[in-house]
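These notes are about the structure you will find just below.
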Ligand SMILES: [Zn+2]
Ligand SMILES: [Zn+2]
Ligand SMILES: [Zn+2]
């Protein structure tokens, strides 16, 4: 590894540090997965080789479980699938994603050993499993998984001790990385990336991690090996500085982040932002009305009301009842207005959902109004190169374009493009989409300035053809947690 090395990070165990100075957008390392599987719930919708969502997939004729884009993907995945395929056939059913991932890891360990390339900085044995930290219920689940794993694991494969198997399950539990689809919009599977496990958390990190599914091209039969994660610098990092990523979304108060980190990753965050509760005030602030702060009592009342409404809204959203989502959000934002600050996280959450769903339902004008408020709030809270900020700005830009606000729309798309060049890199499919949008909106903006009438009739036609497909159905929930939440 050229840019990074393992070191003992004070109070955090092992960590990674930079061995030379890097700048925003520099890739510190790229890493293919050790093993990865598609989620149980999406097993029929996502290619088990390249993890792309596809409307039409071809099923493996042997196990009738694995699905692939085409013969090329199927052939490329066979080496990883063949033992799983035989095991599923003889077991007579498909075990859950945890067990499938553990089995793939074990088969690979048996075949190639714990370190599969010079670039791998740690063995799997050395990774933390945190089994002794697991609460009672999780331990029970772990025992069930191990029991089923032993039933599933073929007698012809190498046999392992229960201790070793439970270590692998423990590693998956705290380090299973969410694998997203090609656009990075939805989590579709879980994988293990050993080097990434060495990167410690900071709520205000100096790096971001992004999955790049690689280029899907039939001529290149090796593309499946191109799927990788990249650790990218968010700004200047000096030689010797520890590299960090955020395991949880920054748009939570320090108290909530600390609780989430403790619960899922078993450590107490002592980062600067948690220690000094930086931005907590903004995230829970009351509004200023005519330069007078809304009384705390009122802010507290509306905050509690918002929590209830958020729960209701999430449920309606899971049920894909979008008219109900809009109804709940509208009711809530009305109560929040002039009580909560424009950086209050529960208000931001409502604006974000409302703009997304309204845009889906084609109420573009109102969607753009809330999208703009959302982006302005995000800009006051997030690191300027935060990937969530980039994605939200992109969404807001598209919404403004849809509403015919070409000038603001183009500005936002340019801004999003600048952020994604750093967080995703120029070759990521979503950055390429943004680049195409940037060029298109630039052309439209020029046209708009020359002749508004021609512009509007052209836009109508463009909306009908829907060239910007990324605003398809609202996703359940963006990917905000780095590793898989249970
Ligand atoms: Zn594929
Ligand atoms: Zn099969
Ligand atoms: Zn923290």
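Values in this text are rule-based calculations from the coordinates and carry no lab data. A quick note: this is a predicted structure, and the numbers were derived from the prediction, not measured. Methodologically, a virtual Cβ is constructed for each residue, glycine included, from the backbone with ideal geometry; neighbour enumeration extends over all protein chains shown.
Here is how the numbers come out for the structure above:
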| quantity | calculated |
| --- | --- |
| For the chain: span of alpha carbons on each principal axis (Å, largest first) | 72, 50, 47 |
| Computed over segment 394-468: relative contact order in percent, which uses C-alpha pairs under 8 Å that are six or more apart | 28 |
| Fraction of antiparallel bridges per DSSP, the chain only, in percent to nearest 5 | 95 |
| Nearest-ten-degree value, helix 136-152 long axis tilted from longest Cα axis of the chain | 50 |
| Per-selection Rg to Rh, segment 366-443 - Cα, Kirkwood hydrodynamic radius | 0.95 |
| Residue order, fewest to most beta carbons within 10 Å, for 227, 412, 447 | 447, 227, 412 |
| Size-normalised alpha-carbon gyration radius of segment 223-284, reference 2.2 N^0.38 Å | 1.43 |
| Cα gyration tensor shape for segment 57-155, rounded if a/c is under 1.5, else prolate or oblate | oblate |
| Between helix 387-402 and the chain: long-axis angle, C-alpha atoms, 0 to 90°, nearest 10 | 50 |
| √(5λ) per eigenvalue of the Cα gyration tensor, segment 1-65, largest first, Å | 39, 15, 10 |
| Label-to-label distance, nm, for residues given as residue 315 and residue 117 (7 Å Cα→Cβ offset) | 4.7 |
| Solution diffusion estimate, µm²/s, Stokes-Einstein, segment 250-301, Kirkwood Rh from C-alpha pairs, 10 °C, viscosity 1.306 mPa s | 127 |
| 222 nm mean residue ellipticity, helices alone, for the chain (DSSP H n ≥ 4; -39,500 (n - 2.57); rounded to 500) | -15500 deg cm²/dmol |
| Length-normalised contact order of the chain in % [C-alpha pairs under 8 Å, at least 6 apart] | 16 |
| Hydrodynamic radius by Kirkwood, which averages 1/r over all alpha carbon pairs of segment 266-471, in angstrom | 18.4 |
| Orientation-averaged projected area, Cα convex hull of segment 91-204 (nm²) | 9.2 |
| The chain: angle of helix 322-336 to the longest principal axis, Cα-based, in degrees nearest 10 | 60 |
| Once the Cα gyration tensor of segment 4-251 is diagonalised, semi-axes √(5λ) in Å | 30, 23, 16 |
